[in-house]
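The values are calculated or read from the model by the stated rules, or taken from the named source; none is laboratory data. Quick caveat, the model's predicted, so the values are computed rather than measured. As a convention, Cβ positions derive from the backbone with ideal geometry for all residues, glycine included, and neighbour counts pool all protein chains shown. Ligands, DNA and RNA are excluded from the accessible area calculation, which covers all protein heavy atoms including side chains. Shrake-Rupley method; radii C 1.70, N 1.55, O 1.52, S 1.80 Å.
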Amino acid sequence: QVQLVQSGGGLVQAGQSLSLSCVAAGRYSIGWFRQVPGKDRLFVAAIHWREFSTFYADSVKGRFTIHRDNARNTVYLQMTGLIPEDTAVYYCAADSMNRESGRWLSQPLEYDYWGPGVWVTVSS
């Protein structure tokens, strides 16, 4: 069982920045996804556990940065230039299989453990 502890989130104005963190007891590939109630869970960003390769959704490229601190078993999602369309519940997810890096990191069904989610609300 892999427990993911999320922190960060909150209410900000458009143009501002926010940072989310995800702590896991171990080193796993981590993906960030977001979901608006009633809609599908969408890929945001992901980082491989060993290769540190990163993937981003087109909608956040250039604005969001994912990075990890393996000494702290923590993955961060730094969000800048936030827009109202970024408003959603943000989830981190872990792949406990420690597979090789690849595009599969953008697929929610490839992850087997999920954090509880945090709200990010961006006002206009």
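Which distance in nm do the two modelled labels at R27 and F52 give, with both placed 7 Å along the Cα-to-Cβ direction?
1.1 nm
Going through the stretch 31-124, which chymotrypsin sites (Phe, Trp or Tyr not before Pro) have at most 16 other Cβ atoms within 10 Å and a DSSP loop state? It would help to have the intermediate numbers written out before the result.
Working: sites: W32, F33, F43, W49, F52, F55, Y56, F64, Y76, Y90, Y91, W104, Y111, Y113, W114, W119; in loops: W49, F52, Y111.
Those that pass, being in a loop and sparsely packed, are F52.
Working from the pairwise distances between different alpha carbons, so that the mean of 1/r is found and then inverted, what is the stretch 61-124's Kirkwood radius in Å?
Values: mean 1/r = 0.0735 Å⁻¹.
Computed over the stretch 61-124, the radius equals 13.6 Å.
Could you tally the net charge around Y76, taking each other residue with its Cβ under 15 Å from the Cβ of Y76, Lys/Arg +1 and Asp/Glu -1? Mind showing how you got there, number by number?
Details: positive: R27, R63, R68, R72; negative: D69.
So the environment of Y76 carries a net charge of +3.
In square angstrom, what is the accessible area per residue of the chain with a 1.4 angstrom probe?
Spelled out: the 1.4 Å probe surface of the chain, per residue, equals 51 Å².
Cα convex hull of the stretch 1-62: how many Å³ per residue? Could you put the intermediate results ahead of the total?
Working: hull volume 7.7 nm³, N = 62.
Once divided by residue count, the hull of the stretch 1-62 is 124 Å³.
When all protein chains stay in place, what accessible area (Å², nearest 10, 1.4 Å probe) is found for E100?
Using a 1.4 Å probe on the heavy atoms, I get roughly 110 Å².
Work out how much length R99 to N70 would gain on full extension: take 0.36 nm times their residue separation and subtract the Cα-Cα distance, in nm to one decimal. It would help to have the intermediate numbers written out before the result.
On the way: separation 29, 0.36 × 29 = 10.44 nm, distance 1.67 nm.
Once the chain is fully extended between R99 and N70, it gains 8.8 nm.
In the chain, what percent of the accessible surface is made up of carbon and sulfur (1.4 Å probe, ligands and nucleic acids excluded)?
51 percent
At q = 0.10, 0.11, 0.20 Å⁻¹, work out log10 I(q)/I(0) for the chain with the Debye formula, treating every Cα as an identical point scatterer and leaving solvent out; two decimals please.
-0.26, -0.32, -1.08
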